[in-house]
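Colleague: One structure, pasted below without further comment.
The values are calculated or read from the model by the stated rules, or taken from the named source; none is laboratory data. Everything numeric here is computed off the predicted structure, so don't read it as measured data. So basically every Cβ, Gly included, is an ideal-geometry build from the backbone, and we count neighbours across all protein chains shown.
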Amino acid sequence: MASAQERTLMNGFSFPSDLSSVVCLGAHPDDIEIGAGGLVASLRGGYPDATFRFIVVTGSEERTAEAGVSATMLLGTNGSIVVGEFTDGFVPYENPGDVKRFVRSALPTGGIDLVIAPQLSDRHQDHAFVAALAGQLFRDQVILGYEIAKFDGGLDAPNLYVPLSSMEASAKVAHLKESFPSQLGHHWFTDDAFLALMKLRGIESNAPEGFAEGFVTTKMVVGVAKTAPGAS
Ligand SMILES: [Zn+2]
């Protein structure tokens, strides 16, 4: 069995060097951090000038406050968050049109380079509705669908992985527990649950330090750089 030092990263594409605007959608205040906290922290470190907008559809007063603190810790002055007041568990059923209008009105002005959202196959009705909205509202961007382990089951097979170092994986878990104390009583909101999923995705992607986040992207368009004739 290969040691961590012997593992090599699978050849892959990188995010564009001019990435400057990222939008993250969540149905609930901790969704983005659970599904993509490692990716967001990595992007924040790799693209210090990029801006991030978190748009969260539901949130009680307590959970909205937690989401605000989390976003500030994660994004610093490069980020902003908008949290709606729709009802947890009823997102597709109560005023779905208003939810769509809310998300659309909360988008940043200017170009958006990348969208991070729930996966379309997510079995939680609120997550699935927000995933569908992402597909409707963003026609020109790559959408990375994050995953959340939960009672509903139904995790999909990722087709895109973002490797994380051991330190990054641990930092993600620490951030979740510190930022969302209201969720600590849930049986799925535990260190080992978060680490287990990142470990599994690390195995699948041959991640150098054994951890990764997995995503599903339903559609990507890839261009090929053209070299002018005679250019060297
Ligand atoms: Zn959720």
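Colleague: Within the stretch 69-77, does at least one residue satisfy the condition of being in contact with a helix residue (DSSP H, G or I) (Cβ under 9 Å, 6 or more places away or on another chain), in contact (Cβ under 8 Å) with a residue 24 or more places away in the chain, under 22 Å from residue 197 (Cβ atoms) and within 16 Å of the ligand (Cβ to nearest atom)?
Modeller: Scanning the stretch 69-77, I find at least one residue that is in contact with a helix residue (DSSP H, G or I) (Cβ under 9 Å, 6 or more places away or on another chain), in contact (Cβ under 8 Å) with a residue 24 or more places away in the chain, under 22 Å from residue 197 (Cβ atoms) and within 16 Å of the ligand (Cβ to nearest atom), so the answer is yes.
Colleague: It is to be established whether one or more residues within the stretch 207-230 are of a type in the set (Val, Ile, Thr) and closer than 26 Å to residue 66 by Cα.
Modeller: There is no residue in the stretch 207-230 that is of a type in the set (Val, Ile, Thr) and closer than 26 Å to residue 66 by Cα.
Colleague: In addition: Considering (1) within 25 Å of residue 123 (Cα to Cα); (2) modelled with pLDDT under 95, say which one residue 18 fails and leave the rest.
Modeller: Failing condition for residue 18: (1).
Colleague: Could you tell me which numbered condition residue 61 fails, if it satisfies all but one of (1) in contact with a strand residue (DSSP E or B) (Cβ under 7 Å, 6 or more places away or on another chain); (2) more than 16 Å from the ligand (Cβ to nearest atom); (3) acidic (Asp, Glu)?
Modeller: Only one criterion is unmet by residue 61, namely (1).
Colleague: Would you confirm whether or not the stretch 126-133 contains a residue that is among the β-branched types (Val, Ile, Thr), more than 15 Å from residue 39 (Cβ to Cβ) and modelled with pLDDT of 95 or more?
Modeller: So far as the stretch 126-133 goes, yes, one or more of its residues are among the β-branched types (Val, Ile, Thr), more than 15 Å from residue 39 (Cβ to Cβ) and modelled with pLDDT of 95 or more.
Colleague: Ok, one more. Taking residue 232 as the residue in question, decide whether it is surrounded by fewer than 18 Cβ atoms within 10 Å (Cβ to Cβ), among the hydroxyl-bearing types (Ser, Thr, Tyr) and either modelled with pLDDT of 95 or more or farther than 28 Å from residue 16 by Cβ (or both).
Modeller: It is false that residue 232 is surrounded by fewer than 18 Cβ atoms within 10 Å (Cβ to Cβ), among the hydroxyl-bearing types (Ser, Thr, Tyr) and either modelled with pLDDT of 95 or more or farther than 28 Å from residue 16 by Cβ (or both).
Colleague: Which residue out of 202, 154 is small (Gly, Ala, Ser) and at pLDDT 95 or above?
Modeller: The conditions single out 202.
Colleague: Looking at the stretch 185-208, which of its residues are more than 18 Å from residue 36 (Cβ to Cβ), part of a loop (DSSP other than H, G, I, E, B) and either within 16 Å of the chain's Cα centre (by Cα) or not polar (S, T, N, Q) (or both)?
Modeller: Once the filter is applied, which keeps residues that are more than 18 Å from residue 36 (Cβ to Cβ), part of a loop (DSSP other than H, G, I, E, B) and either within 16 Å of the chain's Cα centre (by Cα) or not polar (S, T, N, Q) (or both), the stretch 185-208 yields 185, 186, 187, 208.
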